[in-house]
1. Pick from Pro85, Pro45, Pro13 the residue whose mean-square fluctuation is largest in a GNM of the chain, springs joining Cα atoms under 10 Å.
2. Viscosity 1.002 mPa s, temperature 20 °C: what is the translational diffusion coefficient of the chain from Stokes-Einstein with a Kirkwood Rh over Cα pairs, rounded to a whole number of µm²/s?
3. I'd like the Karplus ³J(HN,Hα) series for the range 30-37: coefficients 6.51, -1.76, 1.60, θ = phi - 60°, whole numbers in Hz, and an x wherever there's a Gly or Pro.
4. Which value, in Å², gives the accessible area per residue of the chain when a 1.4 Å probe is used on the protein heavy atoms?
Amino acid sequence: MYLNFDSSNPNLPITLHWNEYPNNNVTQYQVWRRVKYKKDTTGAPTLLATVLRGTTSYTDYDFRGTRLGFTDWMLWYDVRSYYAPEGTYPNPNWAQVFSG
């Protein structure tokens, strides 16, 4: 699944965009985030939301974009499609947010 971000505007929340999965058996998406601050270990994955098929964006109001380049925060997101007949999700495919 293709995932991209709106995050380069200072002080605006990070918005994720993805394409609709073509398989009609996909009925929903889970939006996940992982966070690392400075030299801490990377935090455990956090489920941010579950949205229905037809939704192709999510805004994370917990973090803001920056034009400062790299900051003390590192963020990764994953959007997982839910296959209703099998009751399964694909393996995680984390994408890192780069602001700038």
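The values are calculated or read from the model by the stated rules, or taken from the named source; none is laboratory data. Worth saying up front: this structure is predicted, and the values here are computed from it rather than measured. When the accessible area is computed, the model is the full protein with side chains, heavy atoms only, and any ligands, DNA or RNA have been set aside. Shrake-Rupley method; radii C 1.70, N 1.55, O 1.52, S 1.80 Å.
1. Comparing Pro85, Pro45, Pro13 in a Gaussian network model of the chain, the most mobile one is Pro85.
2. For these conditions, the coefficient is 151 µm²/s.
3. 9, 10, 10, 9, 10, 10, 9, 10
4. Accessible area per residue, the chain: 62 Å².
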